[in-house]
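Note sheet for the following structure.
The values are calculated or read from the model by the stated rules, or taken from the named source; none is laboratory data. This structure is a prediction, so every number in the text was calculated from the model and none was measured. A quick note on method: Cβ atoms are made from the backbone with ideal geometry, for glycine too, and the neighbour counts reach across all protein chains shown.
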Amino acid sequence: MKSYPKEQIQAYKEKNKQTGRLLIKCPDQPGIVSSVTQFLHKNEANIIESNQYTTDPQDGKFFMRIEFESSKLPEAEEELRNDFGSIADTFDMEWSLKGAYDVKKTAIFVSKELHCLRELLLEWQSGDLIADIKMVVSNHEDCKELVESFGLPFFHIPSNKDIRKQVEEKQLKLLKDYDIDLIVLARYMQILTPDFVAAHPFKIINIHHSFLPAFIGANPHKRAYDRGVKLIGATSHYVTNDLDEGPIIEQDIVRVDHRDSVNDLKKMGRSVERIVLARGVKWDLEDRLIVHENKTIVF
């Protein structure tokens, strides 16, 4: 199996070297769109894609994602960011401005079930998942051969609840050494501590093998079978300190009936999990997600 060629990422960066992305969250008020578009026009930017959303009047929050091309990029990215600061202050914005060429450095964590990992690696190899995958970390060695066949570094760090603090210290050091932007839990069957989550807020994506908020925790397929559900699904979400209750990114379902066994539900569930996790990761990599309270706005 050939590994994903570095030249493909380089080609993507070159193609998008003048493409920027601007994400905004702020109180809703007149003049936001006008000020933002005037700023982009002044900086020789052509808007490629623009999306916005406003909550109900009582909440009064405004969200916006703009993808644009500017001849000032990439050289003047920091200058653009500094100039936009005055507009952001005027409207009390939470915002980010970055280049599409800044491909996110990504780490994948996995345990023994490898279906989600395989999906991500194949999407990555084909060029459909634009990520700079730096490593795969696992508490088992089941995926070592698979990972190394893609030419990626594999780190085996055994873990259990008795040594969790020491394990996470090693993991956090690795993530810092590789300057990781995004962590994907591709069926990593360990509960992360608050310290780990706090070190990477809304930068950890998990896949849960049920249609949350139903059947939170372990053995969801057995509990779904016992309940006689007619739909099973999967949920990708950001990790918070509340188990399986972080902001939901994507969900999908498949129909089942009384003839399906627990193993049938698990098999169909794995198919949904692969798709749902890959979608959620792609949307994060493309800066299409804005977290608001315990929800996500997906553009």
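At-a-glance table
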item: Residues that are touching a residue at least 24 places away in the same chain (Cβ under 8 Å) and touching a strand residue (DSSP E or B) at 6+ places or on another chain (Cβ under 7 Å), drawn from segment 254-270; result: ARG255, VAL256, LEU265, MET268, GLY269
item: Pairs, first of a type in the set (Phe, Trp, Tyr) in segment 213-242, second at pLDDT below 90, C-beta under 6 Å, six or more apart; result: PHE215/ARG223; PHE215/ALA224; TYR225/VAL262; TYR225/LEU265
item: Scan of segment 271-299 for residues that are aromatic (Phe, Trp, Tyr) and in contact (Cβ under 8 Å) with a residue 60 or more places away in the chain, ordered by number; result: PHE299
item: Any hit, segment 150-167, residues being of a type outside the set (Phe, Trp, Tyr), out of contact with any His (no Cβ under 8 Å at 6 or more places or on another chain) and within 23 Å of ILE275 (Cβ to Cβ); result: yes
item: Whichever residue in segment 276-291 is out of contact with any Phe, Trp or Tyr (no Cβ under 7 Å at 6 or more places or on another chain) and surrounded by fewer than 18 Cβ atoms within 10 Å (Cβ to Cβ) and, among such residues, is nearest to ASN219 (Cα to Cα); result: ARG279
item: Test: residue in segment 82-102 that is touching a residue at least 12 places away in the same chain (Cβ under 8 Å), surrounded by fewer than 17 Cβ atoms within 10 Å (Cβ to Cβ), of a type outside the set (A, V, I, L, M, F, W, C) and over 21 Å from HIS292 (Cβ atoms); result: yes
item: Within segment 4-28, considering residues that are out of contact with any Asp or Glu (no Cβ under 9 Å at 6 or more places or on another chain), touching a residue at least 60 places away in the same chain (Cβ under 8 Å) and more than 19 Å from GLU67 (Cα to Cα), the one surrounded by the most Cβ atoms within 10 Å (Cβ to Cβ); result: TYR4
item: Condition check for VAL276: assigned by TED's automatic domain parsing to the domain that holds ILE207, of a type in the set (A, V, I, L, M) and over 22 Å from LYS230 (Cα atoms); result: no
item: Segment 29-50 - residue that is in contact (Cβ under 8 Å) with a residue 24 or more places away in the chain and either more than 21 Å from ASP89 (Cα to Cα) or touching a Leu at 6+ places or on another chain (Cβ under 9 Å) (or both) and, of those, surrounded by the fewest Cβ atoms within 10 Å (Cβ to Cβ); result: ASN46
item: Conditions (1) touching a His at 6+ places or on another chain (Cβ under 8 Å); (2) loosely packed, with under 15 Cβ neighbours inside 10 Å; number of the one not met by ASP244; result: (2)
item: Segment 24-36, subset out of contact with any helix residue (DSSP H, G or I) (no Cβ under 8 Å at 6 or more places or on another chain) and assigned to a helix (DSSP H, G or I), residue farthest from HIS292 (Cα to Cα); result: SER34
